[in-house]
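Enquirer: Before I ask anything, let me first share the structure, which is written out below as structure tokens.
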Amino acid sequence: MKKIAVIGKGTAGSLTYNHFKHYTDFEIDVYYDSNKKEQAVGEGTTLNIPEELNITLGTEFHDLPKIDGNFKTSILYEGFGPTDYHHTFFMPNISIHMNAVKLQEYIYEKRKDEVNFIDKNIDDYNDIDADYVIDCSGTPKDLSGDEYFAGEYIPVNTALVKQCSWNSPQFTHTLTKAMKNGWVFGIPLANRISFGYLYNRDINNKKEIEEELDKLIHEYNLTNNLGSSHIEFNNYFKKQNYTDRIAWNGNASFFLEPMEATSLATVEEINRRIFDITHGVKSIEKANQEYYYWFKQVQDIITMHYLAGSKYDTEFWSHAKKLATECLSIKSPEWQRILYNLDNANFKLQQSYGSWGMESVRQNVNNLGIRDLLWYLTTVKL
């Protein structure tokens, strides 16, 4: 293995070529289409992203202005379950919020003399001269075939996002706020905040969602002065993400709604599996199996937040709770083991579930008030 090709230099593509430039001695070609706008996704992160940027690029917290960054100290859940709570990282651990476009530019400036950038649209993998190809080209044009699993238990499929400027951040947590017909994220950057209302377009319409979102923005004494976007999406992930010459990453591989900011952690998880494949330490079959279980676990992480319901008794929340109950009714020895050992400190240090460590599982299960319900839904009768 001597050369890797990455298709796309959006957020996933940038993290991917950076990963392999640091951890391997492969020659790296990055193919991109200058006529195509790269996707700016993933502005909230988990702990592993600032750690990875530090290891691979020497990034420190004083570099945050270069990516319009802000600290991420926790995720604040408002209106979910019996009480509001912070899913906290605990001091001294801290993550970041950042401008996805600025992150792409930052990585490019760091790596532009070490990686080959080729402005060329790729329609056929056979046109690429490389030993291994990683497709980070964005959302597939067609999801109707049999290449993808549907994220069938995710209740949201549309986002209305509005950007507001501010002089300085009003808070350093990610806001996750239950609304009448879905939920809103608030991603606080250094100079702006993004509010995104996630909802189901088969249940509610844009007009009623926009009225709710505008009212919330007004409550923060802000104005939607930096534009907005209305995004319809599907939730999906590949059935076979790795072959003997090609792998997929970013939205070319998956998309699950942004609850808990799992996307960039997943990009790095996929990169680690590709590293294992290209260095002969993991079979393609094993890597695909791990990929499947990762996404089943991430889907569990997302849907458990709907399992507790919210303070709203609406058609959306009834639908969301129903899907969550179906997702987690899986008579699972793994969940039985997790719930039985949830307060065992040694177990928490040694285990993880998808992108979560056991401390994250404990915080969310307990604060959402779903421990007994999860036990009932998932316990295997011995």
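The values are calculated or read from the model by the stated rules, or taken from the named source; none is laboratory data. Since this is a predicted model, take the numbers as computed values, not measurements. Heads up, the Cβs are rebuilt from the backbone with ideal geometry, glycines too, and the neighbour counts pull from every protein chain shown.
Enquirer: Select from the stretch 176-193 the residues that are assigned to a strand (DSSP E or B), crowded, with 20+ Cβ neighbours inside 10 Å and either touching a His at 6+ places or on another chain (Cβ under 7 Å) or not aromatic (Phe, Trp, Tyr) (or both) and list them in ascending order. Lay out the reasoning, then the answer.
Expert: Initial filter on the stretch 176-193 (assigned to a strand (DSSP E or B)): 176-179, 182-188, 192-193.
Those left that are additionally crowded, with 20+ Cβ neighbours inside 10 Å: 176, 178-179, 182-188, 193.
Within the stretch 176-193, Thr176, Ala178, Met179, Gly182, Val184, Gly186, Ile187, Pro188, Ile193 qualify.
Enquirer: Could you check the stretch 321-382 for helices (runs of 4 or more DSSP H) lying wholly inside it with 1 or more residues that are in contact (Cβ under 8 Å) with a residue 12 or more places away in the chain, in the same structural domain as Lys311 (by TED's automatic domain parsing) and closer than 15 Å to Thr303 by Cα?
Expert: Fully inside the stretch 321-382 and qualifying: 333-340, 358-368, 371-378.
Enquirer: Going by the structure shown, is Ile134 more than 18 Å from Thr56 (Cβ to Cβ), aliphatic (A, V, I, L, M) and surrounded by 13 or more Cβ atoms within 10 Å (Cβ to Cβ)?
Expert: Details: more than 18 Å from Thr56 (Cβ to Cβ): no; aliphatic (A, V, I, L, M): yes; surrounded by 13 or more Cβ atoms within 10 Å (Cβ to Cβ): yes.
Taking the combined requirement at face value, the residue does not satisfy it.
Enquirer: Kindly establish whether Leu143 is at pLDDT below 95 and farther than 18 Å from Ser310 by Cβ. Don't jump to the end; show me each part of the working.
Expert: Details: at pLDDT below 95: yes; farther than 18 Å from Ser310 by Cβ: yes.
Judged against the criteria, Leu143 is a match.
Enquirer: Now a separate question. Looking at the stretch 244-260, can you tell me whether even one residue there is β-branched (Val, Ile, Thr), over 14 Å from the mean Cα position of the chain (by Cα) and in a loop (DSSP other than H, G, I, E, B)? So that I can check it myself, show each step before the final result.
Expert: Residues of the stretch 244-260 β-branched (Val, Ile, Thr): 246.
Now drop any that are not over 14 Å from the mean Cα position of the chain (by Cα), which leaves 246.
With the extra rule that they be in a loop (DSSP other than H, G, I, E, B), the set shrinks to none.
No, every residue in the stretch 244-260 fails to be β-branched (Val, Ile, Thr), over 14 Å from the mean Cα position of the chain (by Cα) and in a loop (DSSP other than H, G, I, E, B).
Enquirer: When the stretch 228-243 is examined, which residues are found to be closer than 18 Å to Lys286 by Cα and either over 18 Å from the mean Cα position of the chain (by Cα) or assigned to a strand (DSSP E or B) (or both)?
Expert: We begin by selecting, within the stretch 228-243, every residue closer than 18 Å to Lys286 by Cα; these are 237-243.
Across the stretch 228-243, the qualifying residues are Phe237, Lys238, Lys239, Gln240, Tyr242, Thr243.
Enquirer: Still on this structure, please answer the following. Scanning for something assigned by TED's automatic domain parsing to the domain that holds Asn241, among the small types (Gly, Ala, Ser) and either part of a loop (DSSP other than H, G, I, E, B) or touching a strand residue (DSSP E or B) at 6+ places or on another chain (Cβ under 6 Å) (or both), does the stretch 300-312 turn up at least one residue?
Expert: No; the residues of the stretch 300-312 include none that is assigned by TED's automatic domain parsing to the domain that holds Asn241, among the small types (Gly, Ala, Ser) and either part of a loop (DSSP other than H, G, I, E, B) or touching a strand residue (DSSP E or B) at 6+ places or on another chain (Cβ under 6 Å) (or both).
Enquirer: Take the stretch 55-70 and flag every residue that is loosely packed, with under 15 Cβ neighbours inside 10 Å and either of a type in the set (Lys, Arg) or at positive phi (or both).
Expert: Passing the criteria: only Gly58.
Enquirer: Is it the case that the stretch 268-276 has a residue that's within 12 Å of the chain's Cα centre (by Cα) and more than 15 Å from Val156 (Cα to Cα)? I'd like the intermediate steps shown before the answer.
Expert: Narrowing the stretch 268-276 to residues within 12 Å of the chain's Cα centre (by Cα): 268-269.
With the extra rule that they be more than 15 Å from Val156 (Cα to Cα), the set shrinks to 268-269.
Among the residues of the stretch 268-276, at least one is within 12 Å of the chain's Cα centre (by Cα) and more than 15 Å from Val156 (Cα to Cα), which makes the answer yes.
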